[in-house]
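Readers should treat all values here as calculations from the given coordinates under stated rules, not as data from a laboratory. Quantities reported herein were computed from a predicted structural model and do not represent experimental measurements. Methodologically, a virtual Cβ is constructed for each residue, glycine included, from the backbone with ideal geometry; neighbour enumeration extends over all protein chains shown.
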Amino acid sequence: MKENNMSRKINRKSKDDMRPEYDFTGGVRGKFYKEYMRGANVVLLDPDVAAVFPDAVTVNNALRSLAQLAKRQIKRRARKTKTA
């Protein structure tokens, strides 16, 4: 029981630890909750890659194109091994 009281005190104090430069005025609580629960993946891009792919749409399009190329390569290799 004693540990519970300590964690409650820590939680109360942590609410006051918000830095003044943080501004969540336009924030929406739980905006991506449903997507996250479906299994959304968060990937951090290196700065040089992020400069080329500035948003999720461009990243997804590029990865879909790459996936199609990879599938074609796999099919070609499968055909070559069957004929060899």
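Averaged over residues, the count of other Cβ atoms within 10 Å places the peptides 41-53, 61-73, 19-31 in the sequence 61-73, 41-53, 19-31, highest first.
Principal semi-axes of the equivalent ellipsoid, √(5λ) from the alpha carbon gyration tensor of the range 30-84, are 33, 17, 8 Å from largest down. Applying 1/(1 + (r/R0)^6) with r as the Cβ-Cβ distance of F53 and R77 and R0 = 35 angstrom yields a FRET efficiency of 0.80.
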